[in-house]
Amino acid sequence: MAESARHQIPLLDLRKFRDPLFTAKGERRASVALQALETLWINTGTLCNLTCQNCYIESSPTNDSLAYMTAAEVAGYLDEIQRDGLPTRLIGFTGGEPFMNSDLLAMLSDALGRGFDVLVLTNAMKPMAKCKDELLALRARYGTRLALRVSVDHYGQAVHELERGRRSWRPTLDGLKWLSANGFRLDVATRRLSGEPEAEMRAGFARLFAEHDIAIDASDPVRLMVFPEMDATVDVPEITEACWGILHKSPDDVMCSSSRMVVKRKGADSPAVLACTLLPYDKQFELGRTLAEAGKTVALNHPHCAKFCVLGGAACSR
């Protein structure tokens, strides 16, 4: 986004998103109950091989605010799912860059071996490339139950590298081509950085995929996810209980009705379960140490709840 255009966007009214029960206007704030834990996200750690301009989780080669999860810690949550008969079908791995965690492949093998579908969010660069042999073995054994979603911030090199840094385009494109050529279940996640209409973005990605023989249908909203931008300083409406009827939406459509995320904070004795993948640092969204404790109703008391989930209609699960 051009700097002049950014300055025209109104800043968030600081009276908003203060009270978990009521909005700044005194209306009852919307909340979301966990209907069924269909997706469990594992944050493998915030360390990343890139420092992006606008990373919502502030990942970088030096940010270890969220420590590396271990395979044993993840196994404990998988044990809980199976012991309590939870309806979880998908285990998602995010970061940081998940492939920088040396336990990742053991985590993937464990989750797949227990019968879960698995999704890994990656930039498909050097950390993933080091694991090609192991990934091929997992694909051969588990097929499309293993999926990878690659972050590509635009179909053009210039915008992508403006966000992700110089020399980040070619390695990501090479990773995409390798995954496609080797028959992996493959999705792409992109962002509205350029301000183009979504139809133009999908057309641009369709050309990119066709040029490089990447087997993704750019018209499919799951195979190519176009996420709204997130900026907690920009003004956005608060979501009230009345908004469900006004917007013709249901709280069951919001991802915290069906998912949770596990993180390990630096220096913590044990992991914690959060309401949302988008809010790793806001303690009001930390729900407990176990999945049983994390079944609490979630108040939509953050700008991301409004812009990304309710108004943006986005969700991280496939």
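Bear in mind these aren't lab numbers, they're just calculated from the coordinates by the rules spelled out. None of these values were measured; they are calculated from a predicted model. As a convention, Cβ positions derive from the backbone with ideal geometry for all residues, glycine included, and neighbour counts pool all protein chains shown.
Of the chymotrypsin sites (Phe, Trp or Tyr not before Pro) found in region 220-299, the ones in coil according to DSSP and having at most 16 other Cβ atoms within 10 Å of their Cβ are TYR281. Just add up the charged neighbours of ARG170: K/R +1, D/E -1, any other residue whose Cβ is under 12 Å from the Cβ of ARG170. Residues near ARG170 contribute +3 overall.
Modelled spin-label separation between ASP133 and ALA242, with each label point placed 7 Å from Cα along the Cα-to-Cβ direction: 6.4 nm.
Using a cut-off of 19 Å between Cα atoms, the listed pairs LYS130/LYS264; LYS16/LYS296; LYS130/LYS177; LYS266/LYS296; LYS132/LYS177 include LYS130/LYS264; LYS16/LYS296; LYS266/LYS296 as exceeding that distance. Measuring from each cysteine beta-carbon in the chain, the ones with no other cysteine beta-carbon under 4.7 angstrom are CYS48, CYS131, CYS243, CYS256, CYS276, CYS305, CYS309, CYS316.
In terms of the Cα gyration tensor, with a ≥ b ≥ c the square roots of its eigenvalues, is region 236-290 rounded because a/c is under 1.5, prolate because a/b exceeds b/c, or oblate?
prolate
Loop-resident chymotrypsin sites (Phe, Trp or Tyr not before Pro) (DSSP state other than H, G, I, E or B) in region 75-142 with no more than 12 further Cβ atoms inside 10 Å of their Cβ are absent.
Modelled label positions at ALA189 and ASP235, each set 7 Å beyond Cα in the direction of Cβ, lie 3.0 nm from each other.
Compute a Gaussian network model of the chain, connecting alpha carbons closer than 10 Å, and tell me which residue from GLY204, GLY267, GLY95 fluctuates the most. Ranking GLY204, GLY267, GLY95 by mean-square fluctuation puts GLY267 first. The label point for GLU200 and the one for LYS177, both projected 7 Å from the Cα toward the Cβ, are 2.8 nm apart.
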